[in-house]
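The values are calculated or read from the model by the stated rules, or taken from the named source; none is laboratory data. This one's a predicted model, so the numbers in the text were calculated from it and none came from an experiment. Cβ sites come from the backbone with ideal geometry, for glycine too, and all protein chains shown count toward neighbours. Protein only, heavy atoms only, side chains kept; ligands, DNA and RNA dropped before computing areas. Shrake-Rupley method; radii C 1.70, N 1.55, O 1.52, S 1.80 Å.
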Amino acid sequence: MPHGASAAYKRKVDEQLFGRKGDAARSRMRDRLLAAQGSPTFLRTYREYVRDYGMPEDLHTLMMLLDLDDERESLKVMEALGATVSSVTPEEKNLLRGRLRNLEMSTSSDALADAAVDLLGRL
């Protein structure tokens, strides 16, 4: 079984045993991710979170992850954000628009700027 498949299987089993949103370990890991924002350990903590629980699905965590210092991982976050746009409130859309505009103007990555423009067009 490929590593990604085994991680997905583990996540599915955990969801059945502990519940998707109520998982205390996931909550603690999210807290660690929040505490690591802006520090040298942010990217490593993000990778641990994704390895153990998959990409976060809530808008606020995903917006926080736009600060990652890794183009490939940031593009994955943009993809995950794209999957959430249909379910966000108008206020959240405004918040996301501002965040994406800032990212578009401040990034040195053409791919990231293009992804931000594409996502802005879908909001």
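Take the stretch 81-98 and flag every residue that is outside any helix (DSSP H, G or I) and surrounded by 15 or more Cβ atoms within 10 Å (Cβ to Cβ). Matches in the stretch 81-98: VAL88 only. Sort through MET78, MET29, MET64 and tell me the only one that's buried (at least 17 other Cβ atoms within 10 Å of the Cβ), assigned to a helix (DSSP H, G or I) and touching an Asp or Glu at 6+ places or on another chain (Cβ under 7 Å). Step by step, each of MET78, MET29, MET64 is checked, and only MET29 is buried (at least 17 other Cβ atoms within 10 Å of the Cβ), assigned to a helix (DSSP H, G or I) and touching an Asp or Glu at 6+ places or on another chain (Cβ under 7 Å).
Looking across the stretch 38-61, the residues that are out of contact with any Ser or Thr (no Cβ under 9 Å at 6 or more places or on another chain), assigned to a loop (DSSP other than H, G, I, E, B) and either aromatic (Phe, Trp, Tyr) or open to solvent by 40 Å² or more (accessible area, probe 1.4 Å) (or both) come down to GLY38, PRO40, THR41, MET55.
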